[in-house]
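The values are calculated or read from the model by the stated rules, or taken from the named source; none is laboratory data. Because the structure is predicted, anything quoted here is derived from the model rather than measured. Glycine also receives a Cβ, built like all others from the backbone with ideal geometry; neighbour counts cover every protein chain displayed.
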Amino acid sequence: MTKWVRYTLPAAAIVSIASPAYSMQYLSIAEAQKQAFPSATSFSEVQAGRVWKAEAGGRAVGFFIFDRVVGKHLLIDYAVALTPAGAVHSVEILQYRESYGGEIRSASWLAQFVGKTGGSPLKINGDIRNIAGATLSSTHVTEGVKRVLSAYGNRLR
Amino acid sequence: MAIDCGNIRRAKPLLGTFVEIQASGASEADVNAGIDAAFDAVAKVHRLMSFHEPDSDVSRLNQFASSHPVSVDPWTYEVLRIAIELHFRSRGAFDITIAPVLQALGLLPGPGEGSRDVPRARTAHQVELLGDRLVRFSGPGIGIDLGGIAKGFAVDRALDALHGFGIANGLVNAGGDLAAFGPDPQTVSIRNPVDPQKFMCGIRIRNEALASSARRFDPFRSDETTNSAIIDPITSEPACAIQGTTVRAPSCVIADALTKIVMIAGTSAADLLEHYRAGALLVLADGDIQISSDLKDQVSLAA
């Protein structure tokens, strides 16, 4: 029989685990390039820090574009992989930063992210926490992909 | 024998949110192939069940199922079967035929958008499953939206995909609806629905799913929580007695759908939760928290 237990949370208890900022590094640019084009043997920069041409055996297998979208409280690094014909092959989130008002109030919360770059292995039993409770809109990334496609889709050959 | 790689964690924009998948306990090649297959499964659910994609099963049903039976993918058929069962068990609190109501309220695009004459749902019994993956609506003016259940189903299918690659530990998080498998328990931080910048509690899960619903929160536009995006199909009014809820269940499709029912029915959903072997945490209008007795031991309220 399901019974309910009622708690009154003192305001202080909530504040003590407040987290004004959250950041997550998923993949580095090099890792994301490998993910998008596993067969590629080289990635040559077409536009510094932004566009790479993926090649295998001297033949272009696609293009890799790094971009960033800024929302009111979010900064998201992502990458779009295009086929040689200029169609979207894949979209991958590289890094995600969520901060409110630019304030960093909870040093202990942020401390868990120190040194956690894409290269350092993480234990499955999360040294980095899993977050639930709000659906973050991905609209800005979707719009960004469209911009990338219209800017580069027909231009890269 | 291949050496196990560390935990790999990746994210893609899917289902209108960010879907994050992490896995470990297999070779790096298997973990990456498993994560790719898991993202593919989520993308397939998106393709089949999106209200917005014109070629999705949902759009084809909304367009044609009132006039003739429409053939759908086995996954869509399965979600419809679960949704109809939940409709009856919740006495109408869960209703996929809410689409015309959401359109009238401007929460979904469509012809009735902004209409003052808000229709009523409570017609899920008019969605007829004819067998052989054929679906028909028994009357005109019926429209379905699987937004309250498809995300959870996608999480379950993604976990299946990871299992297929012999991965030992996996976690799929689709914007807060998540499920995990593997020997180690995972702690999930739950945002405070009243103040989403803050975390309210941690919940430990192991081989189970957790889904959350809250009054609408959109960090791109505003810090403020607004009126609920959950509409009570019985009254066509936003649900506002509960500020937010988190449900733990054996599968994410059930956890996802149950959050909508708990937002409307509150603690009176106890029997239904028990039927699905689920537990829930509710944040009440006055900020107090109620936790079902079976979930209590998994929750740490303060760090």
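Selection within segment B:46-75: residues that are part of a helix (DSSP H, G or I) and under 25 Å from residue B:165 (Cβ atoms). The member of this set that is farthest from the chain's Cα centre (by Cα) is B:74.
One residue stands out in segment A:18-67 among those that are of a type in the set (S, T, N, Q) and within 19 Å of residue A:86 (Cα to Cα): the one that is nearest to the other protein chains (Cβ to nearest Cβ), namely A:35.
Can you name every residue in segment B:173-200 that is of a type outside the set (Val, Ile, Thr), part of a strand (DSSP E or B) and either facing chain A (nearest Cβ under 7 Å) or out of contact with any strand residue (DSSP E or B) (no Cβ under 6 Å at 6 or more places or on another chain) (or both)? Reasoning before the result, please.
Going residue by residue through segment B:173-200, those that are of a type outside the set (Val, Ile, Thr) are B:173-186, B:189, B:191-193, B:195-200.
Add one more test, that the residue is part of a strand (DSSP E or B), and what stays is B:173-174, B:177-181, B:186, B:189, B:191, B:198-200.
Once the filter is applied, which keeps residues that are of a type outside the set (Val, Ile, Thr), part of a strand (DSSP E or B) and either facing chain A (nearest Cβ under 7 Å) or out of contact with any strand residue (DSSP E or B) (no Cβ under 6 Å at 6 or more places or on another chain) (or both), segment B:173-200 yields B:173, B:178, B:186, B:189, B:191, B:198, B:199, B:200.
No other residue among B:43, B:11, B:29, B:37 is without any contact (Cβ under 8 Å) to a residue 60 or more places away in the chain, outside any strand (DSSP E or B) and within 26 Å of residue B:188 (Cβ to Cβ) apart from B:43. Just so you know, in segment B:143-197 the residues that are surrounded by fewer than 24 Cβ atoms within 10 Å (Cβ to Cβ) and touching a Pro at 6+ places or on another chain (Cβ under 8 Å) include one that is farthest from residue B:50 (Cα to Cα), and it is B:168. Considered as a group, the residues in segment B:260-294 that are touching a residue at least 60 places away in the same chain (Cβ under 8 Å) and within 17 Å of residue B:177 (Cα to Cα) include one that is nearest to the other protein chains (Cβ to nearest Cβ), and that residue is B:281.
Within the option set A:114, A:145, A:70, being away from every other protein chain (no Cβ under 13 Å), modelled with pLDDT under 90 and under 19 Å from the mean Cα position of the chain (by Cα) holds for one residue only, A:114. Just so you know, in segment B:10-58 the residues that are at the interface with another protein chain (Cβ under 8 Å from one of its Cβ atoms) and on the phi > 0 side of the Ramachandran plot include one that is modelled with the lowest pLDDT, and it is B:16. Of the conditions (1) buried (at least 20 other Cβ atoms within 10 Å of the Cβ); (2) within 14 Å of chain B (Cβ to nearest Cβ); (3) at pLDDT 90 or above, residue A:93 fails just one. Which one is it? With (1) buried (at least 20 other Cβ atoms within 10 Å of the Cβ); (2) within 14 Å of chain B (Cβ to nearest Cβ); (3) at pLDDT 90 or above applied to residue A:93, the lone miss is (3). Against the list (1) out of contact with any Leu (no Cβ under 6 Å at 6 or more places or on another chain); (2) modelled with pLDDT under 85, the condition residue A:98 fails is (1).
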